[in-house]
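Comments concern the structure below.
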Amino acid sequence: MDRVGYVILYVSDLAASIAFYRDVVGLPFKFEDAGYAEFATAGTRFALYERRRAAWLTGSEVAPGPAAEVVFVVDDVDAEARRLAAFGARILSGPADRPWGHRTLHVADPDGFVVEFAQRIPRRRPRKP
């Protein structure tokens, strides 16, 4: 097994989360059906599912976020920060240069999940073998 097929967040308000990821984050929306929404991302699929329906899949209730983070790699974190602020996104931190080779910005989605925007920059700290 060497690839991630899907990342699916369980959300409390599907419409609000679709609007956030489509209109604020800027992901191309693909479809919505039966409490599930998917975006047209390359490689790994990114989707949302109504939390109230998740027990049907998992066999028990699921706890709400923010115990997860989704990272989108972008060309210009500072431009994203300005764009997201104009949408009124709740900025948690950044933009900030990180020693592992990213300039990052963290925002919260409607359920409190952490959404990171990362721009590749030169590493300031080598990886340990």
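Since every read-out is calculated from the coordinates, none of them should be taken as a lab result. Since the structure is predicted, the reported quantities are computational estimates derived from the model, not experimental observations. Here the Cβ positions follow ideal geometry from the backbone for every residue, glycine too, while neighbour counts run over all protein chains shown.
Counting only DSSP beta bridges whose two residues both lie in the chain, roughly 65 percent are antiparallel.
Cβ-Cβ distance of Arg22 and Ser93, R₀ of 22 Å, FRET efficiency by 1/(1 + (r/R0)^6): the value works out to about 0.40. Using Cα atoms only, what is the angle between the long axis of helix 77-86 and the major principal axis of the chain, expressed in degrees (0 to 90) to the nearest 10? The angle comes out at about 50 degrees. The simple Förster model, with R0 at 35 Å and r as the Cβ-Cβ distance, assigns Val4 and Ala85 a FRET efficiency of 0.70. Reducing region 98-113 and region 26-77 to their Cα centroids gives an inter-centroid distance of 17 Å. Restricting the calculation to Cα atoms, every distinct pair contributes to the Kirkwood radius of region 46-112, found to be 14.1 Å.
Note on Phe72 and Ala108: the model spin-label points, each 7 Å out from Cα along the C-beta direction, lie 1.9 nm apart. The candidate values were [x] 10.4; [y] 7.0; [z] 9.5; the one computed from these coordinates for mean projected area of the Cα convex hull in nm² carries the label [z]. Less than 5 angstrom separates the built amide H of Phe72 from those of Glu116, Phe117, Ala118, all sequence-distant by 5 or more or on a different chain. Its Cα centre serving as origin, the chain has a Cβ charge dipole (Lys and Arg +1, Asp and Glu -1) of approximately 680 debye. With helices as the sole contributors, the chain gives -5000 deg cm²/dmol at 222 nm; each DSSP H run of n ≥ 4 counts as -39500 (n - 2.57), and the sum is divided by every residue.
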